[in-house]
Amino acid sequence: MNKDLFKFSHFDNEGEGNDFIALMGPEGDDEAEKKHLPKELPILPLRNTVLYPGVVIPITVGRDKSVKLIKDAYKKDKIIGVVSQKDANQDDPDLNDLYPIGTEAHIIRMLKMPDGNTTAILQGRRKIELKESLLTTPYLVCVVHQVVDEKPRKNREAKALIDSIREIAGKIIDLSPNIPSEANFALKNIENPNFLMNFISSNLNVSVAEKQNILITTNFFDKANLMLIHLNNELQHLELKNQIQSKAKTDIDRQQREYFLQQQMRTIQDELGHDSTEKEIEALRKRGNEKKWDAKIHKAFNKELDKLMRSNPSAPDYSITFNYCELLLELPWNEFTKDNIQLNKARKVLDNDHFGLEKVKDRILEYLAVLKLKGDFKSPILCLYGPPGVGKTSLGKSIAEAIGRKYARMSLGGMHDEAELRGHRKTYIGAMPGRIIQAIKKAGKSNPVFVLDEIDKLGRDFRGDPSSALLEILDPEQNTAFYDNYVEHEFDLSKVMFIATANTLDTIQPALLDRMEIIEINGYTIEEKIQIAKKHLVKKQILEHGLKNSDFKISDKVLEYLADSFTRESGVRTLEKRIASLARYRAKQIVGQEPFDARIDERFIDKVLGKYKVEKEIYQDNSFAGVVTGLAWTSVGGEILFVESKTTKGNGKLTLTGQLGDVMKESAITAMTFLKAHADYLGIDPLVFDQYDVHIHFPAGAVPKDGPSAGITILTSLASWFTQRKVRKNLAMTGEITLRGKVLPVGGIKEKVLAAKRAGINEIILCDVNKKDIQDIGEQYTGKLNFHYVTNMLQVLDIALTKEKVKNPVKFEVKIKDDKDK
């Protein structure tokens, strides 16, 4: 609200004495109402305000026309019309430049100011409307009519509106430091509702157009609601302004208080002999001078310390900079573990910790040999790829021990934020370095063995792609200058020996896969599992469960029974859990003083682990046509897989069941097409394919299946059914097929062969190219198996199908269609 309009004024004028003039007066007093409104009035244009009936305002008159108008009127009846201009910049307004509604005014006093200007004290009386212009010189004279406001009704709603207006106006006066407290007294003493609204409207901090809008409103309720809107806006503005000023004052007071307290704290610390912040900073500087790092890093470190010296210890940036300086000090810049390379010792450590895994061990020993000869060699980036539980992660720790380096590990499973690898910029609240830098700092050396676990399970979302960030970390040409967003300086990772682990290669980004040397770790054979259990797992569980060797004795035969009947995996993780279950049961027997036999036998295992027994797929006889044993690879190892074929009368429709993937479905279609094309070779009537529907089923329908390796199995199953010939006994097969009749190689041969051996299979059909995979397995595991290597699909059928028909063979009835049928 306008502070000036609430003031009371004193004016001096020669010859007229000193009179007290109030800037408000009663609207529509009896004398004013009795006086007749002149038909013509001289019009005084106002630039930046609006005069309301009953309100007294001082007007400084500057324009020549206005000065003459005031002087002439003051000599006569002192009555004029006061109307606001639409455009305040208009110096000589005519009727069209003025608002149509104004106020009849009485000139209370005309004063000559010391600066030469003329000031008139005007009191509004009645609202008028300008009808037409009579004169424009020497000033504007217009015909006017009176505008009468609607009188307020004496009801509860009108009273509530007036009380609300009065209350909000009082709050505004209380909140505004520039408005005198006497204004509240004036408000409380105004009884006329219309005059109260006119008085408050005159003092609103709103534009001339908005004030004019209030003036022209004649309906009492409309005017009151309009004023409430403006008053509420002004009240909210004042409350917000006071709140901001109060907060700013509080912040300044708090900072001053903290400063004085900090000074007192420093004095107390000095008296007690504690280190002050200056001493802490100097201690950091001393450590930095003793550290062996590049001059560039040292210079940046000292610059950060200088910034600390200038900072207030209570400021938020102080702790951020202090932590940053400590990180720079703790990072092992150019600090390396000296390699103590002894190949025999390294081999011994690897053999003691892990059974088998010859490929990985040989690769590590090759690296050590080159490192010993050359002295400075970029570390290899290996990716150990294989099923769960085969020892990929623990192998990294053994490698670190074998070559005498520090060990660091980071799990990448589920990571989906690039900043977890590269770190956050220091400007963010809670910023920290990436996990690569954190692991290097924890290791304390710049050349640890760093295991990146589960690299195939990296996530990706709107926050970035961590696998793309790994492209720099795992590239020997780039990781010499790895940039962490928090450290803001290049760090050399080229001496770090990165070892990634993965269960599958399909989900790894191709560019990332290209940077790593892939070493496949196949599942363990039963014989290997027995040795691992004997040398590692049993001893570990005896120790963890507080048993003695004499309390828990288990033979190789029983271990074989345990691994074969109670686990279904390529690794040994479940086997270790089963051994732990047996150890817990034995511990309960000892504590409960129950009698027991120290030797673990099959009956004891069945008693403790009966519900965990795994039902294995065992080879079935060859008495049924169309049933063939295939070999499949799963994430937990190899398995045998049965394929069943059958026909029903129909029109040649092919149905596939068993939750098959697209690749396997395409293999079935390829096999069916090849069989139709070579029906004569097998003695099959071609009309059979048009008059019978074929159904191929893969048992264990709840288990998803996919891949091309069942191609020759599907073909053999179809050929056996259509010819009703038996399949060779104890035979299994795996291989991809083509329309040309070629048999292509497939993967997972070791796991498939071991699965065939466990199921009692004696003969296996493989692609000729897979012969090298059999040689890698070793004769100790394949000695009793007979392998048939083939190059085309007809060879498969010649080997797999016997000349003997099955008992009670199905006869296919074929109807020969004549021309009429066509």
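The values are calculated or read from the model by the stated rules, or taken from the named source; none is laboratory data. Model, not experiment: these values are computed from the prediction. We place every Cβ from the backbone using ideal geometry, glycine too, and count neighbours over all the protein chains shown. Calculation scope for accessible area: heavy atoms of the full protein, side chains included, ligands and nucleic acids excluded. Shrake-Rupley method; radii C 1.70, N 1.55, O 1.52, S 1.80 Å.
Numerical summary
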{"item": "First in the stretch 331-350 and within 17 Å of residue 497 (Cα to Cα) and free of Cβ contacts under 8 Å to residues at least 60 places away in the same chain, second anywhere and open to solvent by less than 30 Å² (accessible area, probe 1.4 Å) and polar (S, T, N, Q), Cβ under 6 Å, 6 or more apart", "result": "350/398"}
{"item": "Options 492, 465, 456; residue that is open to solvent by 40 Å² or more (accessible area, probe 1.4 Å) and not small (Gly, Ala, Ser)", "result": "492"}
{"item": "In the stretch 523-549, the residues that are open to solvent by 70 Å² or more (accessible area, probe 1.4 Å) and either touching a residue at least 12 places away in the same chain (Cβ under 8 Å) or closer than 16 Å to residue 606 by Cα (or both)", "result": "527, 534, 535, 540, 544"}
{"item": "Flag if residue 320 is within 39 Å of the chain's Cα centre (by Cα), surrounded by 14 or more Cβ atoms within 10 Å (Cβ to Cβ), of a type in the set (A, V, I, L, M) and more than 24 Å from residue 474 (Cα to Cα)", "result": "yes"}
{"item": "Members of the stretch 456-498 found to be among the β-branched types (Val, Ile, Thr) and either touching a strand residue (DSSP E or B) at 6+ places or on another chain (Cβ under 7 Å) or within 14 Å of residue 435 (Cβ to Cβ) (or both), listed by number", "result": "473, 487, 496"}
{"item": "Residue check, residue 791 open to solvent by 30 Å² or more (accessible area, probe 1.4 Å) and touching a Cys at 6+ places or on another chain (Cβ under 8 Å)", "result": "yes"}
{"item": "Any hit, the stretch 574-595, residues being on the phi > 0 side of the Ramachandran plot and surrounded by 13 or more Cβ atoms within 10 Å (Cβ to Cβ)", "result": "no"}
{"item": "Every pair of residues 6+ apart whose Cβ atoms lie under 7 Å, when the first sits in the stretch 72-92 and is surrounded by 11 or more Cβ atoms within 10 Å (Cβ to Cβ) while the second is in a helix (DSSP H, G or I) and among the hydrophobic types (A, V, I, L, M, F, W, C)", "result": "79/73; 80/69; 80/73; 84/208"}
{"item": "Looking only at the stretch 337-389, and only at residues there that are among the hydroxyl-bearing types (Ser, Thr, Tyr) and assigned to a loop (DSSP other than H, G, I, E, B), the one that is surrounded by the most Cβ atoms within 10 Å (Cβ to Cβ)", "result": "379"}
{"item": "Unmet requirement for residue 224, which otherwise passes all of (1) at pLDDT below 85; (2) open to solvent by less than 10 Å² (accessible area, probe 1.4 Å); (3) part of a helix (DSSP H, G or I); (4) not polar (S, T, N, Q)", "result": "(1)"}
{"item": "Check on residue 332, surrounded by 18 or more Cβ atoms within 10 Å (Cβ to Cβ) and closer than 30 Å to residue 307 by Cα", "result": "yes"}
{"item": "Qualifying residue in the stretch 674-695 (condition: closer than 28 Å to residue 755 by Cβ, open to solvent by 60 Å² or more (accessible area, probe 1.4 Å) and at pLDDT 90 or above)", "result": "yes"}
{"item": "Only listed residue being basic (Lys, Arg) and modelled with pLDDT under 85, chosen from 568, 584", "result": "568"}
{"item": "Every residue from the stretch 691-703 that is touching a Gly at 6+ places or on another chain (Cβ under 9 Å) and not in a helix (DSSP H, G or I)", "result": "692, 693, 694, 696, 697, 698, 699, 700, 701, 703"}
{"item": "Search result, residues across the stretch 550-559 that are open to solvent by 30 Å² or more (accessible area, probe 1.4 Å) and either in a loop (DSSP other than H, G, I, E, B) or at pLDDT below 85 (or both)", "result": "555"}
{"item": "The stretch 659-673 - residue that is open to solvent by 20 Å² or more (accessible area, probe 1.4 Å) and of a type outside the set (A, V, I, L, M, F, W, C) and, of those, farthest from residue 793 (Cα to Cα)", "result": "659"}
{"item": "Within the stretch 102-125, considering residues that are buried (at least 19 other Cβ atoms within 10 Å of the Cβ), in contact with a helix residue (DSSP H, G or I) (Cβ under 7 Å, 6 or more places away or on another chain) and not small (Gly, Ala, Ser), the one nearest to residue 148 (Cα to Cα)", "result": "125"}
{"item": "Residue match in the stretch 143-152 (condition: modelled with pLDDT under 85, of a type in the set (D, E, K, R), over 60 Å from the mean Cα position of the chain (by Cα) and open to solvent by 60 Å² or more (accessible area, probe 1.4 Å))", "result": "yes"}
{"item": "Helices (runs of 4 or more DSSP H) wholly inside the stretch 105-209 that include at least 3 residues being over 30 Å from residue 92 (Cβ atoms) and without any contact (Cβ under 8 Å) to a residue 40 or more places away in the chain", "result": "156-175, 182-188"}
{"item": "Unmet requirement for residue 253, which otherwise passes all of (1) at pLDDT 75 or above; (2) open to solvent by 20 Å² or more (accessible area, probe 1.4 Å); (3) out of contact with any strand residue (DSSP E or B) (no Cβ under 6 Å at 6 or more places or on another chain)", "result": "(1)"}
{"item": "Qualifying positions in the stretch 286-299 - crowded, with 16+ Cβ neighbours inside 10 Å and either at pLDDT below 80 or not in a loop (DSSP other than H, G, I, E, B) (or both)", "result": "288, 297, 298"}
{"item": "Qualifying residues in the stretch 300-311 (those that are within 35 Å of the chain's Cα centre (by Cα) and open to solvent by 20 Å² or more (accessible area, probe 1.4 Å)) - the one farthest from residue 490 (Cα to Cα)", "result": "311"}
{"item": "Of all residues in the stretch 197-219 being surrounded by 15 or more Cβ atoms within 10 Å (Cβ to Cβ) and hydroxyl-bearing (Ser, Thr, Tyr), the one that is nearest to residue 171 (Cα to Cα)", "result": "201"}
{"item": "Any hit, the stretch 92-110, residues being of a type in the set (S, T, N, Q), out of contact with any Gly (no Cβ under 6 Å at 6 or more places or on another chain) and modelled with pLDDT under 85", "result": "no"}
{"item": "Selection from the stretch 637-658 of residues that are farther than 16 Å from residue 692 by Cβ, of a type outside the set (A, V, I, L, M, F, W, C) and surrounded by 14 or more Cβ atoms within 10 Å (Cβ to Cβ)", "result": "637, 638, 639, 658"}
{"item": "Residue within the stretch 48-63 that is closer than 23 Å to residue 213 by Cα, out of contact with any helix residue (DSSP H, G or I) (no Cβ under 7 Å at 6 or more places or on another chain) and of a type in the set (D, E, K, R) present", "result": "no"}
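Okay, residues lined up against (1) open to solvent by 30 Å² or more (accessible area, probe 1.4 Å); (2) touching a strand residue (DSSP E or B) at 6+ places or on another chain (Cβ under 7 Å); (3) modelled with pLDDT of 90 or more:
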position: 38; (1), (2), (3): yes, yes, no
position: 41; (1), (2), (3): no, yes, yes
position: 44; (1), (2), (3): no, yes, yes
position: 50; (1), (2), (3): no, yes, yes
position: 53; (1), (2), (3): no, yes, yes
position: 59; (1), (2), (3): no, yes, no
position: 65; (1), (2), (3): yes, no, no
